[in-house]
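S.K.: Dropping a structure here in C-alpha cells format, bear with me for questions.
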Amino acid sequence: MASLLATLDLPQGLKRLTPEERKQLAQEIREVIVNTVSKNGGHLASGLGSVEIFIAVHTVFDSPRDKIVLDTGHQGYPHKLLTGRYPVFHTLRQLGGLSGFPRREESEHDCWGVGHGGTGLSAAMGFAMARKHWLNAGIPPDDPRVNYRVVCVIGDAALEEGMAWEALHNIGHHKPDMVIILNDNGMSIAPSVGAIENYLHRHRQFPADWFRKLRSEPHYLQLKRMVEEALSKMGPAGEITLEVIRHIKNNIKEWLIPPGMLFEELGFTYLGPVDGHNTEVLIECLHEALRIGGPVIIHAVTKKGKGVPYAEADPWKYHTPLFPFDPQTGEIKASKDTAPSYTSVFSQTLIRLAEKDKRIVAMTAAMPDGTGLDKFAKHFPDRFYDVGMAEQHAVGFAAALAFSGLRPVCAIYSTFLQRAFDQIIHDVCLQKAPVVFAIDRAGLVGQDGHTHHGIFDIAYLRLMPNMVLMMPKDENELQHMVYTALRYEQGPIAVRYPRGAGVGVPRDDELRELPVGKGEWLRDGTDAVIVGIGQIVYAALDAAQRLERDGFSVGVINARFVKPMDKELLQEAVERGGRLITVEEHNLCGGFGSAVLEVLSEMGWHNVPVLRIGIPDCFVEHGTVSQLRAKLRLDADGIYEQVRAWLKGGQRAERGGQRVTERETPVSQKG
C-alpha cells in the first residue's frame, strides 16, 4: 500500500515530511514504478535512479509556480508521481493515459515537454532570462511572470549533446539565476562514452562537505562581495590584486574540487560531487545554490536502477525492459515473436557483409542496443563507433569516413535523425558522400508516443538532392536493401524500416542487389491500384482481397523506393487501373503520397484521381502500434473502408496516356 503517495497533498505535502518519511516515500515511489512498468512497459532504471533528486527538488521548490525542467524525460516518472498523478499512474503509456515523458498538455507541473535529450538547459535559460527581462521592464516581484525560480535536472548522457553545450556557453555568459542538477549515473541507455564521460568518471568521489557549505555561507558571500567591490574601486592596482586573489582561489578550488573546474571556468558555481541518493544532502545543496545565486551546478552522483537489485545489476537491460516481467525478480515473461525483428535482420545482414568487406564501419548516437549495432560491435570492435548523444557529429563524421574510402553505415532512429537535418544536406547530400543511413523506428513506434514516432523522415529526406530513399515491405526485402545500399556508391542512400517484428516471410539465402528506383507488382487490378511503401503493403493486399469480394478489381504495387520514384510503374498503374491509392505509415504532408502526386504532375497525368491514405497533419499520441493504426485507419480494415467508400463515388483517369485538364485530387481526411 502506497500510503504516503495516496494520502499526501502533492507536491506541497512534501515540505512537511521528516527525513524518515522521505525515505519511506522513496521506497513507495520505486515500488509503484516497478509494478507499473512491469505491466505497461516503459523506462525503468532511469526513474529508479532519480527518486531522491526529485523528492529534494519538490521539497525545496514550489511547483507549478517554479519552473522544473527535465532533461531527458525518461527520468521523470518520480516527478509525475510527486505532482499528483499517482491515482492515474496505472495508465502510463496506455492509449488515452499518461505519457511516458513530461508533456505540457498533461499537467501544469510539466513546464517543458521533452522526449529528446539535450534540450533542457536551453529551456531553463529561457525561463530564467524571461524572468530577468520582465523584472527589467518594471514588473513587480510578486507578478507570476517573475515570481518563480528555475531548476533543470539533466543526465550526464544528455550533457554530451551539442545543444546542451551551446546552452552552457550562453548561460555562463549571461549568468541568470538558475540551478542545474547534473544527474550523473555514467549511462545513457548504454554506458556513456566520450571525453566528457571520462572526465566525470575520474572525479565521482565525494569531497568534504565543509568546503561546499563554506561557499554558500551568507557571511562568506557578503565578505566576498565587499572585497570585490572595494578592490574594483581602487583602479589598476585593485584590479591586479583582485586577479591575484582569483588566481589563488582557483588553485585552491582545483585542488579541492577538481571535477568542478570545467564548469567554474565556464562561469558556473559548482557544488559537488554529492551523493544523489541522500535526500537530505540534496536539500541542503539546493538551499545553498539558491543562496549563492547565478548559475549553480550541483553534481549528484547516482546509480541507475537504484533500489532494485536486478535493475542495478543490469541497468542497460532494464532501461526499457521487455514486458510483462516479474516485478520481484525481473524475469521477462513477454512472449517471443516468431518472426525476427527488422533491427535484428539489419544487424545480421550488416555483420554478414562486413565479414567480406573490411571497408564497412558502423556508427550510432548512444543507441547501440536499440539499433542492433551492439552485436556488430562484438564482431568488429575496431569498426564500430558510438559517438554518444551527438547525431549531428555522427553524420558529419560519417561523410568524411566515406570520402576516405570506407563504407560508413549510420544507424539512427528516425526521430533522432531529425537533429542532423543540416548535416545530411550540407555534409552529405551536397557533397554526394556515399553514406548509408539505416533509419530504425520508421513509422509508428507505439507507447513512446508523439516525441518518438518516425513519421517525418520521408518528407525531410526526399527534398534533398542526391538522396536515395527506400523502404522494405518485409524482413526479406530489408536484407536485400542493406546489400543494395552498400553496393551503391554514387551518393547517400537511406533505408528506413519499422520497429518490432517482421512479417514472418522466409529469407533468401543469397543476397541480391535491387535495381535502384524500381518497384514491383504484387497484385493486378483494373478498377484501381494501391501503391504502398513499407510493411503497410500487406494490409493493402488484405484490403484488395476484400474489395474483390465487393466487386472491385484493385491492384497493389510495392513501390520500394520513395526517391527515385518508379515512373514507368506508375504510368503502367494509371493505364491499368485509372485510379490510384497511396498508402503510407507517415505524415501525409510531404510524404510518399505527395511524392506520387508530384511525379504524376511531371508526367502530365493531371486528371488522375488519387486517394492518399496516411497520417494527417498532427502529432500522434501514445498507444500500442495496433491501436494507433486502427485509430488512424491504417490497418487492413481502415484501408478497406476508405478505399471502398472512395471507389463507389470516384472517377477514372483518361486512358491511353491522354492528358486532360487538371482537377483537384481527392485526399483522405482525418479518421
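S.K.: Calculate the dipole size of the chain relative to its Cα centre from +1 charges on Lys and Arg beta carbons and -1 charges on Asp and Glu beta carbons; express the result in debye to the nearest 20.
M.R.: For the chain, the charge dipole is close to 240 debye.
S.K.: Before I look further, what does the chain give for accessible area per residue, probe 1.4 Å, in whole square angstrom?
M.R.: So the chain comes to 41 Å² accessible per residue, rounded to a whole number.
S.K.: Tell me, what is the 1.4 Å probe accessible area of Tyr199, in Å² to the nearest 10?
M.R.: The accessible area comes out at roughly 40 Å².
S.K.: While we're looking at this one, here's another question. Using θ = phi - 60° and the Karplus curve 6.51 cos²θ - 1.76 cosθ + 1.60, what whole-Hz ³J(HN,Hα) does each residue of the range 18-29 get, with Gly and Pro shown as x?
M.R.: My calculation for the range 18-29 gives 8, x, 5, 5, 5, 5, 4, 4, 4, 5, 4, 4 Hz in order.
S.K.: Okay, next question. Quote to one decimal, in nm, the extra length available between Thr329 and Asp509 on full extension: 0.36 nm per residue of separation minus the C-alpha distance between them.
M.R.: 60.8 nm
S.K.: Under a 5 Å amide H to amide H cut-off, with H placed in plane at 1.01 Å, what residues pair with Thr582 once short-range neighbours are removed?
M.R.: The list, which skips near neighbours in sequence, is Val531, Leu611, Arg612, Ile613.
S.K.: How large is ³J(HN,Hα) for each residue in the range 133-150, as worked out from phi by the Karplus curve 6.51 cos²θ - 1.76 cosθ + 1.60 (θ = phi - 60°), to whole Hz, x for Gly and Pro?
M.R.: 4, 5, 4, 5, 7, x, 5, x, x, 8, 6, x, 6, 10, 8, 7, 10, 10
S.K.: Let me ask you something else. Determine the order of His58, His174 by accessible area, beginning with the largest, at a probe radius of 1.4 Å.
M.R.: His174, His58
S.K.: Looking at the square roots a ≥ b ≥ c of the eigenvalues of the Cα gyration tensor of the range 298-403, which shape do they give, rounded for a/c under 1.5, prolate if a/b is larger than b/c, or oblate?
M.R.: oblate
S.K.: Can you list residues whose amide H is under 5 Å from Gly294's amide H, if they're 5+ apart or on another chain and H is modeled 1.01 Å from N?
M.R.: For Gly294, whose amide H was placed from the backbone, the distant partners under 5 Å are Asp177, Met178.
S.K.: Okay, moving on. Calculate, for Thr338 and Glu31, the FRET efficiency according to 1/(1 + (r/R0)^6) with r their C-beta to C-beta distance and R0 56 Å; round to the nearest 0.05.
M.R.: E between Thr338 and Glu31, to the nearest 0.05, is 0.95.
S.K.: Another question about this same structure. When only alpha-carbon atoms count, how far does the chain stretch along each of its three principal axes, as whole angstroms with the largest first?
M.R.: Per principal axis, max minus min of the Cα coordinates gives 91, 58, 53 Å.
S.K.: Within the range 121-142, name every residue whose backbone N is under 15 Å away from a label modeled 7 Å from Cα of Asn170 along the Cβ vector.
M.R.: 121-133
S.K.: Could you check how much of the accessible area of the chain is carbon and sulfur, as a whole percent, using a 1.4 Å probe?
M.R.: Answer for the chain is 53 percent, counting heavy atoms of protein chains only.
S.K.: Quick one: which residues, 5+ away or cross-chain, put their amide H under 5 Å from the amide H of Leu522? H built at 1.01 Å from N.
M.R.: Excluding prolines and chain starts, which carry no amide H, the hits are Val556, Ile557, Asn558.
S.K.: Using the Karplus equation 6.51 cos²θ - 1.76 cosθ + 1.60 (θ = phi - 60°), what ³J(HN,Hα) coupling, rounded to whole Hz, does each residue of the range 480-485 give in order, writing x for Gly and Pro?
M.R.: Here the 3J(HN,Hα) series is 5, 5, 4, 5, 4, 4 Hz.
S.K.: A further question on this structure: Helix-derived [θ] at 222 nm for the chain: sum -39500 (n - 2.57) over DSSP H runs of at least 4, divide by residue count, nearest 500?
M.R.: Dividing the helical sum by the residues of the chain leaves -12000 deg cm²/dmol.
S.K.: Let me ask you something else. What's the magnitude of the charge dipole for the range 109-161 around its Cα centre, counting Lys and Arg as +1 and Asp and Glu as -1 at the beta-carbon? Answer in Debye, nearest 20.
M.R.: Dipole about the Cα centre, nearest 20: 280 debye.
S.K.: For the range 515-620, what does the alpha-carbon gyration tensor say about shape, rounded, prolate or oblate, given a ≥ b ≥ c as the root eigenvalues, a/c under 1.5 as rounded, and a/b over b/c as prolate?
M.R.: rounded
S.K.: Each label point is 7 Å from the Cα along the Cα-to-Cβ direction; what then is the distance between the points at Phe403 and Glu312, in nm?
M.R.: Those two pseudo-labels are separated by 5.0 nm.
S.K.: What number of lysine-lysine pairs in the range 343-482 show an alpha-carbon separation below 28 angstrom, given a sequence spacing of 8 or more or placement on distinct chains?
M.R.: Final tally of qualifying lysine pairs is 9.
S.K.: If I stretch the segment between Met261 and Asp382 completely, what's the gain in nm (0.36 nm per residue apart, minus their alpha carbon distance), one decimal?
M.R.: 40.3 nm
S.K.: How do the peptides 50-56, 380-386, 327-333 rank, highest first, by the average count of neighbouring beta carbon atoms within 10 Å per residue?
M.R.: Highest to lowest by the protection proxy: 50-56, 380-386, 327-333.
S.K.: In debye, nearest 20: dipole of the range 467-593 around its Cα centre with unit charges on the Cβ of K, R (+) and D, E (-)?
M.R.: 300
S.K.: Any of Lys15/Lys306; Lys80/Lys631; Lys306/Lys336; Lys23/Lys306; Lys518/Lys567 with alpha carbons more than 18 Å apart? Name them for me.
M.R.: Over 18 Å apart, Cα to Cα: Lys15/Lys306; Lys80/Lys631; Lys306/Lys336.
S.K.: Local charge sum around Val32 (other residues, Cβ-Cβ under 11 Å, Lys/Arg +1, Asp/Glu -1)?
M.R.: +1
S.K.: I've got another one for you. Just to verify a number: FRET efficiency for Glu280 and Asp357, C-beta to C-beta distance, R0 = 45 Å, to 0.05?
M.R.: 0.20
S.K.: With point charges of +1 on the Cβ of Lys and Arg and -1 on the Cβ of Asp and Glu, referenced to the Cα centre of the chain, which listed residue (Leu14, Pro236, Met129) lies farthest in the positive direction of the dipole?
M.R.: Met129
S.K.: How high is the FRET efficiency from His90 to His287, r the C-beta distance, R0 56 Å, rounded to 0.05?
M.R.: Efficiency computed from Cβ-Cβ geometry: 0.95.
S.K.: Another one. For the range 383-518, rounded, prolate or oblate, judged on the Cα gyration tensor with a ≥ b ≥ c (square roots of eigenvalues), a/c < 1.5 rounded, else prolate if a/b > b/c?
M.R.: Taking the square roots of the gyration eigenvalues as a ≥ b ≥ c, the range 383-518 is oblate.
The values are calculated or read from the model by the stated rules, or taken from the named source; none is laboratory data. All values reported here derive from a predicted model rather than from experimental measurement. We place every Cβ from the backbone using ideal geometry, glycine too, and count neighbours over all the protein chains shown. Note: areas computed on protein heavy atoms with side chains; ligands, DNA, RNA excluded. Shrake-Rupley method; radii C 1.70, N 1.55, O 1.52, S 1.80 Å.
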